[in-house]
């Protein structure tokens, strides 16, 4: 705000720029004109990354998630962090073109390596999700906010400490999505896919 008022004070004629009272008067009028910075804070009021409490509820009324959900036959109220997390996924559903590249890019941008999306090349996709997101995953499933391309089925969801580089078979050109069995130096960073860590969302 001080930068704005100084800008208008500097527009004064050269004769008045060095006069403290003249600059103070312009700073005062400029501050009143901009409501002491309120006009700049208004934009922040609609940032759901910074909004809290009722402010976040107002934004949610436009985006459309809802602070309450039924989990294990219990009606619970989401805290601000949980609601903000779900709003990110709702934003993907609202504004994405739902293609595989677009979803992969948005998930990577918002959540880094915590959510990995893989194409099964048979009209299915699979999610590999870091275990620290397990609680959030349950919220996503209850709210039905896990994105997928139109007409494509989610084959399975894997939750574990590692979201890529597992042991498996792969085709030339797709290396990196599965680790081979013939490189001893890679064994320490690869892990097995375990049935106990799979979520079957089609049951």
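The values are calculated or read from the model by the stated rules, or taken from the named source; none is laboratory data. Predicted, not measured: the structure shown is a model, and the values here were computed from it. No Cβ is skipped: glycine too gets one built from the backbone with ideal geometry, and neighbour counts run over all protein chains shown.
Looking across segment 127-152, the residues that are buried (at least 18 other Cβ atoms within 10 Å of the Cβ) and over 24 Å from residue 70 (Cβ atoms) come down to 128, 130, 149. Taken as a whole, the structure leaves residue 5 outside the set of residues that are assigned to a loop (DSSP other than H, G, I, E, B), at pLDDT below 70 and over 30 Å from residue 143 (Cβ atoms).
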